[in-house]
1. Ordering K252, K88 by how much accessible area each has at a 1.4 Å probe, largest first, what is the list?
2. Residue by residue, what Karplus-based ³J(HN,Hα) values in Hz, rounded to whole numbers, does the stretch 319-326 have, using 6.51, -1.76 and 1.60 with θ = phi - 60° and x for Gly and Pro?
3. Give me the 1.4 Å probe accessible area per residue for the chain, excluding ligands and nucleic acids, in Å².
4. Carbon-plus-sulfur fraction of the accessible area of the stretch 320-382, 1.4 Å probe, in percent?
5. Nearest 10 degrees is fine. How inclined is helix 38-52 to the longest principal axis of the chain, computing both from alpha carbons?
6. According to the square roots a ≥ b ≥ c of the eigenvalues of the Cα gyration tensor, what is the shape class of the stretch 310-468, taking rounded for a/c under 1.5, prolate for a/b larger than b/c otherwise, and oblate for the remainder?
7. If you filter the stretch 94-133 for trypsin sites (Lys or Arg not before Pro), then keep DSSP loop positions with at most 11 other Cβ within 10 Å, what is left?
8. Using the Karplus curve 6.51 cos²θ - 1.76 cosθ + 1.60 with θ = phi - 60°, work out ³J(HN,Hα) for each residue of the stretch 163-170 in order, rounded to whole Hz, and write x for Gly and Pro.
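The values are calculated or read from the model by the stated rules, or taken from the named source; none is laboratory data. This is a predicted model, so every value here is computed, not measured. Virtual Cβ from ideal backbone geometry, glycine too; neighbours counted across all protein chains shown. Areas reflect the complete protein model, heavy atoms only, side chains present, ligands, DNA and RNA absent. Shrake-Rupley method; radii C 1.70, N 1.55, O 1.52, S 1.80 Å.
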Amino acid sequence: MKKIFIIIPLFLGGFLFSQKKPQKKTVKKTTTLAKFNYYDEFKKISDEIMTNGTAYNNLGELTKGVGSRFSATPGYTKAVEWAEKKFKDIGIEMIWRQEAKAPVWVRGRESLQIKAGNGDWKSIRMLSFGNSEGTGGKDLTGEIVLINSTSELNAMSIGQLRDKIVFVNLPIDPKIINTSDSYLITAKSKLISASVIAKTGAKALIIRSLTTANDDTPHAKMIYYEPDDKIRIPALSIGVRSADELEKLLKKQKVTAKINMSAESKGETTNPNIIAEIPGKKDSKVIVLGAQLDSWDFGEGAIDDGTGVVQCIEVLRTLKALGFENNHTIRVVLYANSENGGQGREMYAAYVKKKDEKHIFALGTDAGGYSPRGFALDMSPQRRKLIFPWKEYFLPYGVYDFDQTDAIQDISPLKKLDIPLAELVVDTQRYFDYHHSVEDTFDKVNKRELLLGAVAMTQMIFMIDKNW
C-alpha cells in the first residue's frame, strides 16, 4: 500500500501542474514526469535555511533587543514595530495591523511568606496567576490547607475551607511521555481553578508550578474567573521544591501563609495582530501560518513563542529567496494577547468569517524551537490521507510523526470554520522546564534545531500550495 500512496501524489503533481495538455495516446507510468521532484525541492528549502537562515539572529533581536512583550505594555508595541520591519526587510509588501482587545493587567509587587508553628516567617519565590486579583497591596494571612485530589475537595464539609488558603501540590504526571499531554491534563484540573476554590469559602489559592523541571523556579499560569463569581480570590504559583517542602511541613504541623499582591486589572485596550502575506499567483485562497507575538511580563519569551514568530518570518523569507511562485496566498499572523486572554486569535477567526475568506490550511507553531518530529493533523480523515503519502519526503529531515490529531495553538478557533489545521510537533521534553518562567531565555534555544523547524514548516507549506 505504501508504494501506491507514494506514486499517487507524484502522478497528480505532474498532472495538475504540468503546462502541457494531456496526450490522448497511452503513456507508460515509467515515462510520466512530475513537474516537481519533491526530494529536490525539499533539499533546496533545507539548504537555503540551514545556510542562510536568519531566524536565530532574529530571535536574538526579539528577546534581547525587544525583551518582554506582555499585552498592553510598551514592550508589545516595540515588538509590533520590530515585526513589521522584519517583514519589510524580506520584501513583503502586504503588511497590516488588526486590532484586538486586550486586558490591562499590572502585576506590581508580590510576595509570599510562610510560618510553621510559632517559627519565623520564611520568604518563598512566587508568581501571581496572569489576570489574578491582588490583595490590594495588603497582607492576606491564613492557615494553609493541603488538597491534592478532587475526592479530598469533595469530602470537605461546608465551612472547613472558609477563610483558609488552599494549597494544591499536583505534579505533572511523569509517566506520560508526551509532555504537552501531561501538562494539559494537569492544567485542566478543577483543583487549580480559582473559581472552584473560591466557592468553598477559601480566600486564596497556591499551586505547584506546572513544570517538568526539578528546581525552585515558579511558572506562571493564566487565571479564568467565572462571570458569576461573587468573590475573586488571588491565586499564585510556587516552584516544585518549595511545594514539596511545604507539603512535608503541613503533614507535621500547622503552617500559615502571608500573601501580599498589588496585582490589579485596569480595564481593556487594544493590541494589534500583525499580518503579512505573499499574494497567490493562481487564486486568493489562503494558507496561513500563526504564532503568538506576546510574552509574559517577566521574561524574554524565547521558546514561548519567540521561536514560532521567527520561524514564521523565516518561511516567508525562504519562499522569497528561492523565487517561489505560490499558487495561493501565503499569510503569516502574529497573534496578540495569547498569554492572558486569547483575544488576538478570536479576532482573526472572526475576521475570516466576516470576510468569508477561503482558507485551505492553517499551520501553528508554539511548542519551542526544538527538533521537529512531525505535524499534528487536526482535519478530516480524507484530508489527513492526502498528507500521509508525503511522509517519505520528510523522513530525511527527522520528521516522521503524522499521527497526532490536535492543533491547540492560536490557530484553533479556525477549526469552527472547517479549516484544516496542523501544528508543528517538536521534541518537547525540555519545553516545560522553561515554559512561563524567567528561565525562558534566548540561551535555551539551539540554532540548528530552530532552523530545522523552519525547514519542516516551509516544506509543508510548499506541499500544500502545490497539491491542494
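1. The ranking, largest first, comes out as K252, K88.
2. 4, 5, 5, 8, x, 5, 9, 7
3. 46 Å²
4. In the stretch 320-382, the share of accessible area belonging to carbon and sulfur is 45 percent.
5. Roughly 50 degrees between the two axes.
6. rounded
7. Filter output for the stretch 94-133: R109.
8. 6, 8, 10, 7, 10, 10, 10, 9
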